[in-house]
1. How much accessible surface area, in Å² rounded to 10, belongs to the heavy atoms of ILE9 with a 1.4 Å probe?
2. Please report the carbon-and-sulfur percent of the accessible area for the chain; probe 1.4 Å, protein heavy atoms only, DNA, RNA and ligands left out.
3. Where in the chain are the DSSP H helices whose C-alpha atoms run 15 Å or more along the long axis and whose mean Kyte hydropathy is at least -0.5?
4. Pick from LEU48, LEU75, LEU136 the residue whose mean-square fluctuation is largest in a GNM of the chain, springs joining Cα atoms under 10 Å.
5. If one computes the Cα centroid of region 185-212 and of region 68-114, what distance in Å separates the two points?
6. Obtain the nm distance between the two label points defined at ARG283 and ASN351 by a simple spin-label model: each point lies 7 Å from its Cα along the Cα-to-C-beta direction.
7. On average, how much accessible surface per residue is there in the chain, in Å², for a 1.4 Å probe, leaving out ligands, DNA and RNA?
8. Which FRET efficiency value, to the nearest 0.05, do you get for ILE9 and TRP218 by plugging their Cβ-Cβ distance into 1/(1 + (r/R0)^6) with R0 = 51 Å?
Amino acid sequence: MTTPLSFRIHPQDGPLRVVLVGAGGMGRTWLHTLQAADRVELAGVVDLDAALARRVVTEELGEAAGAPVVVGTSLREVAPRCAADAVINVTVPAAHLPVTLEALDLGLPVLGEKPLADGLAAAATLVRAAEQAGELFMVSQNRRYDRHLWSLRHHAAQLGPVGVLTQEFFKAPRFGGFRDAMAHPLILDMAIHNFDAARFVLDADPVAVYCEEYNPPWSWYAGDAASTAVFEMTGGTRFVYTGSWCSEGLETSWNSRWRLSAAGGSALWDGETAPVAQYADGRPDDARPTVPLPPAENTAGALAEFVEALRTGRVPMGECHDNLLSLAMVYAAIASSRTRSRVEIADVLGNC
Ligand SMILES: NC(=O)c1ccc[n+]([C@@H]2O[C@H](COP(=O)([O-])OP(=O)(O)OC[C@H]3O[C@@H](n4cnc5c(N)ncnc54)[C@H](O)[C@@H]3O)[C@@H](O)[C@H]2O)c1
């Protein structure tokens, strides 16, 4: 699978008219993001549950909804009625495939919630569909749009070749619902964020992984809620992730706690505040070039990059070909844990 050189540019003077598909918990977050965005207009909301979609629009936007928002249960029906330019897919993972396929078939670019799809085969199908349609399909990895993460990435680039990057993720959320019943709740539902952020900071791609998943005896999850994975990344860097979703006390940030050891020094990040670095050459902080900032924070950052990409043709972070590698880290880790062996990323991608 090769990265396409281009996707269709949608030059427009007016705002990008967006249909939001999926009016659940994360759909509500996206409604606020869309409402606050400059160059975007909410044109329609689609959910299998039309009453929910209507209620969410009224509850979340109220008077602020402005021009009427078209609501329905089918994208194919709603998109032409509201003259949509693009789709944001915030449905459950199992629906990412059919909803994004439908949008691409309608000639609409898509910004989709993570994960790219529910499984690598479905993900590869979507990447090929985006190529055939010539439309942008970008996955929103909202945790990339964090100014402190960008600062850590900047340190990583300045510190020279990285030997090892470690992440510790320890939390004890009681979600209830589908996560409690999943076979791989931590790796499938959460670690995609942490793995993807590690790729971003290292500016490297995954090569292979050895992973163990397990479920502590006191866990309230049916599936494995804890894991340690050692990734080999391009350039030889090791990325070591240790996480648990049933770890009470001294919890880390949702972004995890980071340590980076490189030829030119080390950096630490608590996942919440500005990272700190110590340079082996004693270089003071102000001798470093200015740290670049994300276009905006969180989902607003992903949306800003999506709009910019559609206007200019610049390939955004999270473009589906690239995001497939983050998803492959997840499925390679699960395969390694199941087979108790080192798994090459190329092998899991070759099988789909
Ligand atoms: N980036 C983050 O931090 C973050 C946080 C939470 C959830 N998510 C992701 O957001 C997505 C949605 O999660 P959620 O927690 O909002 O789920 P949810 O179950 O609360 O909502 C999903 C909604 O999608 C609707 N839906 C399902 N299939 C559909 C279809 N074919 N057509 C139209 N609507 C359909 C459902 O009716 C439901 O209202 C998931 O992919 C999840 O992984 C991301």
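The values are calculated or read from the model by the stated rules, or taken from the named source; none is laboratory data. Remember, predicted model here, so these are calculated numbers, not experimental data. Every residue, glycine as well, gets a Cβ built from its backbone with ideal geometry; the counts of neighbours run over all protein chains shown. Quick note on the areas: whole protein, heavy atoms, side chains included, nothing else; ligands and nucleic acids left out. Shrake-Rupley method; radii C 1.70, N 1.55, O 1.52, S 1.80 Å.
1. About 70 Å², ignoring ligands and nucleic acids.
2. Whole-percent figure for carbon plus sulfur exposure: 53.
3. Length and hydropathy pass: 25-36, 50-61, 93-105, 120-133, 191-202, 298-312, 320-339.
4. Result: LEU48 has the largest fluctuation of those listed.
5. If we compute the Cα centre of each part, the gap is 28 Å.
6. My value for the distance between the label points is 4.2 nm.
7. Result: 42 Å² per residue.
8. It comes to 0.45.
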